[in-house]
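K.L.:
First, the structure itself, so that you have it in front of you.
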Amino acid sequence: MKNENLNPFAIAQAQLDEAAAVLQLDPDMHAFLREPMREFHFSIPVRMDDGRTQTFRGFRVQYNDARGPAKGGIRFHPDETIDTVRALAAWMTWKTAVADVPLGGGKGGVICNPRELSQAELERLSRGYMRAIARYVGITQDVPAPDVYTNPQIMAWMLDEYEQITGHHEPGVITGKPLTLGGSAGRSPATAMGGIFTIREAAKIRGLDLNGATCAIQGYGNVGSYAHQLAHDILGMRIVAVSDEFGGIYNEHGLDPEVISEHMRRTGKVIDCPETEPISNKDLLEMKVDVLIPAAIENQITGENAARIQAGIIAELANGPTTPDADKILAEKGVYIIPDFLCNAGGVSVSYFEMVQNSYQYYWDESLVHQRLDQKMTTAFYAVHEMAQAKQVDNRVAAYLVAVNRVAEAVRLRGWV
Ligand code: NAD
């Protein structure tokens, strides 16, 4: 298991290859689906507060739009690469297909460290990003959203820049907006909420009583912090460890989400929260818990540590947290994986609901959003589960089989391949 290729796009392609082999996918279709349809690379010059101009590199990848306009978040990250954006755009394609929303897959990114930027610099960078992609996005072309280190305020700046350029209101051009500007009720917790519904169903299949069951969560941003709150409030789980990029905390009696949120508001980190012990990100992943939730970044469970994973269920709220080598080891151990583009499809599902509400200019309340999200996630979960049973494959391959069938059908009907 040495020298595992951790390039996320190579991993996304290898996953597709495995599914294509099971499906006996037409080689021409397979070749078409292995590559992004379009990508944009650009420079964003930003006037910094000290008067200098700093140039940032930005990307937008429209991986496949056979089923509808491309859809996918924008990530601001110091380690961003075009291959990460390509992989995330590919996973968005499979995600919108498995969730059965009428959208394609895309993704964007900027190489930057938002923690080193002032609010004014962040606003100029966000507006600069939108200026660079404005002519390629829109409700019928490509609709961005937040991802790692981007948030509703950044979506608001980008929306405004787009509307200044085009001269008309078009709230559906971007999702994950603040409520005042046409955001959907329930969008912020949507990714975690969708994951909670899939954990609920997986527990039924595994015969696991979730009430009091233990859980560890890696990543405490939008997705991880809501996952903590909702696993605690809705499923009655005992969340014994959580972490962020600075380290983790542990309490075997369970961590109170309210106490951690309050500590986060004061310090910006989970570490040193009262009544907790420190734990490293590495040890958190290897804890003996019923459910492990990776909710941070890619390549956290690899061929190197997979044999030491003790969780019974892994609910992948992050994109790409598990590598193909790890998948093989986890399958042998009988770990039940809820694969990323199924588990975290709640975000894009409610983004789609946001687009629908923007088109109608008529807004739903949070309970209706959650009810429809539950329906979508439960349907997607069983589509994958039944495929896994029928083809005797693991859940990740099954999710690919469902998604690739749907995308390939749209490509074929359009006569592209
Ligand atoms: P975020 O920026 O709000 O939070 C990211 C969290 O991960 C932070 O707590 C950060 O400290 C932590 N982190 C970063 N690097 C880490 C490391 N090396 N080790 C441990 N923790 C680390 O981002 P988010 O929106 O919560 O996204 C988290 C994951 O969920 C990403 O993989 C993202 O692609 C995926 N996702 C997000 C959405 C969404 O709606 N926001 C939807 C689907 C998937």
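K.L.:
Spin-label point model (7 Å from Cα, Cβ direction): what's the Asp365 to Glu245 distance in nm?
P.N.:
Here the modelled spin labels are 3.9 nm apart.
K.L.:
Rounded to the nearest Å, what's the spacing between the alpha carbon centres of region 51-69 and region 348-417? Just the number, please.
P.N.:
Between the Cα centre of region 51-69 and that of region 348-417, the gap is 24 Å.
K.L.:
Nearest 0.05, what FRET efficiency do Arg38 and Asn211 give at R0 = 60 Å with Cβ-Cβ as r? Spell out each step's value before the answer.
P.N.:
Details: r = 48 Å, r/R0 = 0.79.
With R0 = 60 Å, the Cβ-Cβ based efficiency is 0.80.
K.L.:
Turning to a different aspect of this structure: Using 7 Å Cα-to-Cβ label points, what is the Arg412/Gln54 separation (nm, one decimal)?
P.N.:
5.0 nm
K.L.:
Regarding the chain, what is the average projected area of its C-alpha convex hull, in nm²?
P.N.:
19.7 nm²
K.L.:
While we're here: With both partners inside region 39-181, how many of the DSSP beta bridges are antiparallel, as a percent to the nearest 5? Intermediate values should be presented prior to the final figure.
P.N.:
Numbers: 16 of 25 bridges.
Around 65 percent of the beta bridges assigned by DSSP in region 39-181 are antiparallel ones.
K.L.:
Determine, from the Cβ-Cβ distance of Tyr382 and Asp17 and an R0 of 22 Å, the FRET efficiency 1/(1 + (r/R0)^6), rounded to the nearest 0.05.
P.N.:
Values: r = 26 Å, r/R0 = 1.18.
Efficiency for this residue pair is about 0.25.
K.L.:
Provide Rg and Dmax in Å for region 77-234, with only Cα atoms included in the calculation.
P.N.:
17.5, 56
K.L.:
May I pose another question? Among bridges DSSP assigns within the chain, what percent are antiparallel (round to 5)? Each step should come with its number before you reach the end.
P.N.:
Numbers: 24 of 48 bridges.
Given both bridge residues lie in the chain, the antiparallel proportion sits at roughly 50 percent.
K.L.:
Okay, moving on. Once the principal axes of the Cα atoms of region 175-308 are found, what is the range along each, listed largest first in whole angstroms?
P.N.:
Extents along the principal axes: 46, 39, 30 Å.
K.L.:
Roughly how many debye, to the nearest 20, is the charge dipole of region 39-125 about its Cα centre, given +1 on each Lys and Arg Cβ, -1 on each Asp and Glu Cβ, and no other charges?
P.N.:
200 debye
K.L.:
Something else about it: Within the chain, what's the longest run with no trypsin sites (Lys or Arg not before Pro) in a DSSP loop and at most 10 other beta-carbon atoms within 10 Å? Give the range, please.
P.N.:
Values: sites that count: Lys2, Arg52.
My reading of the result: 53-417 is the longest stretch.
K.L.:
Give the separation of the Cα centroids, region 257-299 to region 79-99, in Å.
P.N.:
For region 257-299 versus region 79-99, the Cα centre distance is 26 Å.
K.L.:
When averaged across all projection directions, what area in nm² does the alpha-carbon convex hull of region 118-180 cover?
P.N.:
Details: hull surface 16.6 nm².
Approximately 4.1 nm², given one-decimal rounding.
K.L.:
Give me, ordered by chain and number, the residues 5 or more places off Val289 or on other chains with an amide H under 5 Å from its own placed amide H.
P.N.:
Long-range HN contacts for Val289: Gln310, Ala311, Gly312.
K.L.:
Only helical DSSP H runs with n ≥ 4 go in: add -39500 (n - 2.57) per run for the chain, normalise by residue count and round the 222 nm mean residue ellipticity to 500 deg cm²/dmol. Don't jump to the answer; show the numbers that get you there.
P.N.:
Numbers: 14 runs with 190 residues, N = 417.
The per-residue figure over the chain is -14500 deg cm²/dmol.
K.L.:
Mind checking which of Gly303, Ala192, Ala202 is farthest towards the positive end of region 190-343's charge dipole, using Cβ charges of +1 (Lys, Arg) and -1 (Asp, Glu) about the Cα centre?
P.N.:
About the Cα centre, the residue reaching furthest to the positive side is Ala202.
K.L.:
Something else: Which distance in Å, rounded to a whole number, links the C-alpha centroids of region 152-178 and region 319-344?
P.N.:
One Cα centre to the other: 36 Å.
Here, each number is a calculation from the coordinates, and none is a lab measurement. Everything numeric here is computed off the predicted structure, so don't read it as measured data. Because the Cβ atoms are built from the backbone with ideal geometry, glycine has one as well, and the counts that use them run over all protein chains shown.
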